[in-house]
């Protein structure tokens, strides 16, 4: 059983925990958390776009690039893999009090806009962040037309 103080040190963390508990008991929760984070899963994603590309950042620290599988099929990007969660050896003298680090298989799926170019994909992993850049087709990019 976890010990919970009657007077939490971090009020926002306690409110976030209460919101997660409430969300796990109801199917109505579709809003972001109290700190503005989404309820996506692991790895956390940032998805944005520029006029020339779609940019995806997946935050997956402690992984090897070879352990991350990235696939693009018919406008759907899939990021999958497995993350180990080494725990202390369990014996009579070892007790695990808290384990918040995610370990296990993961899979995230992102639907992409129709104007992406599947041949213009670049993925790189550095310092725990997977950065995927997908170019847009030339015909769909806005262009300025000079009036004569």
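The values are calculated or read from the model by the stated rules, or taken from the named source; none is laboratory data. Nothing here was measured: the structure is a model prediction, and the numbers come from that model. Reconstructed Cβ throughout: ideal geometry from the backbone, glycine too, with neighbour counts over all protein chains shown.
The table below lists the values:
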read-out: Pairs, first without any contact (Cβ under 8 Å) to a residue 12 or more places away in the chain in the stretch 55-72, second crowded, with 16+ Cβ neighbours inside 10 Å, C-beta under 9 Å, six or more apart; value: 64/125; 71/77; 71/79
read-out: Residue count for the stretch 84-129, restricted to those that are at pLDDT 90 or above and more than 14 Å from residue 54 (Cα to Cα); value: 11
read-out: Among the residues listed as 118, 113, 142, the single one being in contact with a strand residue (DSSP E or B) (Cβ under 6 Å, 6 or more places away or on another chain) and more than 30 Å from residue 85 (Cα to Cα); value: 118
read-out: Some residue of the stretch 118-132 being under 16 Å from the mean Cα position of the chain (by Cα), within 25 Å of residue 17 (Cα to Cα) and not assigned by TED's automatic domain parsing to the domain that holds residue 13; value: no
read-out: Filter pass, residue 81 being touching a helix residue (DSSP H, G or I) at 6+ places or on another chain (Cβ under 8 Å), assigned by TED's automatic domain parsing to the domain that holds residue 127 and at pLDDT 90 or above; value: yes
read-out: Any hit, the stretch 28-43, residues being surrounded by 15 or more Cβ atoms within 10 Å (Cβ to Cβ), modelled with pLDDT of 90 or more and on the phi < 0 side of the Ramachandran plot; value: yes
